[in-house]
Every structure is written in C-alpha cells, then in structure tokens.
Amino acid sequence: MTALSIIGLVVGCTALLLVVVLVSVRLMGALFKRSSGYARLVSWFPAPGAPEGRVLRGQTAQFGAVRYSRCVTLAVEDGGLFLQVVSRSLGRHRPLLVPWDEVRATYPSRIRVFRAVELVVGSPQVGSVRVMPGVYAEFRSRLTVAVPLAPMQEAGRP
C-alpha cells in the first residue's frame, strides 16, 4: 500500500466513525426522551410557544430516571411551568408547559447527591420532574401542594 492510500483509508474510517457517533448520539437523545417520560409529558402538555415570564436557562432537571445537566430551560409562567431540553449533543426537545393545577404532589428528593424536589404531574400520574431547590423556590408559591422549603435550603448539599 502506498502512503496516499493509507491516508485515504484513515480519512474514510474517521469520517465513517464521526457519522456513526453523531447518529448514535441523536438516537440516544430520542431514547432518553421516551424512557424518561419527557415525550409523554410533551404529548399531554405541549407548550403553545416560546417561554414567557421569568426564564431560567442552563438548569438541571430530572425526568423519570434521566438527568439533564445544565441544559434545561425553565420558565415560570402564569399558566404553568415551561420546560425544554436544549442540548448540543442530544438536540432540542419539544417544549412542554405543565399547568400549575396538574402538579399533584411534591416530595423532597435528590438529583445524584444533591437535594431536589420531585413534582408529580397529572392524576393519574403522567410523569415526574425533579428540580433543584433554587429553581423550586421560584415557583413554589404558585403550587397548591408544596413541600416545605426550609429543610431544602442547606446550600444544595446532602
């Protein structure tokens, strides 16, 4: 083999590997969306448009068993809680707007080792969302069922 054919082979294999990685990441995003319950929440509570109200970008949230770190846009709106995953690797998920009266229960929880609050959505339960205490404090007053915030304020540490 000549040096030119070896270089061509390396470039071709690298390009193929890059395509496989990109397709795999997008498929993982779709898999995460379905397995986490995010897709089900969107089918029940699609957002009508762009977020309004107080917008918090780059937040961490957990839908079911899937944690999205620093890539969730949340907005506290009059009509409910706006959520959208916007990730460079997993893509932009369709936004959802959970009406305040659809949050049926709240519980102290954890996202990894950090304290969090779990919101149970729908009756019967459609899904659940875990948010960090600082984000929860932004909309807690709008909920009819709210977990007390006092034990949650220990700087987000266990």
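The values are calculated or read from the model by the stated rules, or taken from the named source; none is laboratory data. Note that this is a predicted model, so its numbers are computed, not measured. Here Cβ is always computed from backbone atoms with ideal geometry, including for glycine, and neighbour counts include all displayed protein chains.
Let's see how each residue does on (1) surrounded by 11 or more Cβ atoms within 10 Å (Cβ to Cβ); (2) aromatic (Phe, Trp, Tyr); (3) at pLDDT below 90; (4) under 20 Å from PHE139 (Cβ atoms):
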position: PHE32; (1), (2), (3), (4): yes, yes, yes, no
position: SER35; (1), (2), (3), (4): yes, no, yes, no
position: PHE63; (1), (2), (3), (4): yes, yes, no, yes
position: ARG70; (1), (2), (3), (4): no, no, no, yes
position: THR73; (1), (2), (3), (4): yes, no, no, yes
position: GLY91; (1), (2), (3), (4): yes, no, yes, no
position: LEU97; (1), (2), (3), (4): yes, no, no, yes
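The sole residue among LEU9, LEU17, LEU97 that is under 18 Å from the mean Cα position of the chain (by Cα) and of a type in the set (A, V, I, L, M, F, W, C) is LEU97. On the stretch given as the stretch 68-104, residues that are under 19 Å from LEU27 (Cβ atoms) and either of a type in the set (Gly, Ala, Ser) or touching a Lys or Arg at 6+ places or on another chain (Cβ under 7 Å) (or both) total 5. Whether a residue is in a helix (DSSP H, G or I), charged (D, E, K, R), touching a residue at least 12 places away in the same chain (Cβ under 8 Å) and surrounded by 11 or more Cβ atoms within 10 Å (Cβ to Cβ) was assessed, and ARG57 does not pass this test. For the condition basic (Lys, Arg), surrounded by 15 or more Cβ atoms within 10 Å (Cβ to Cβ) and in a strand (DSSP E or B), ARG140 does not qualify.
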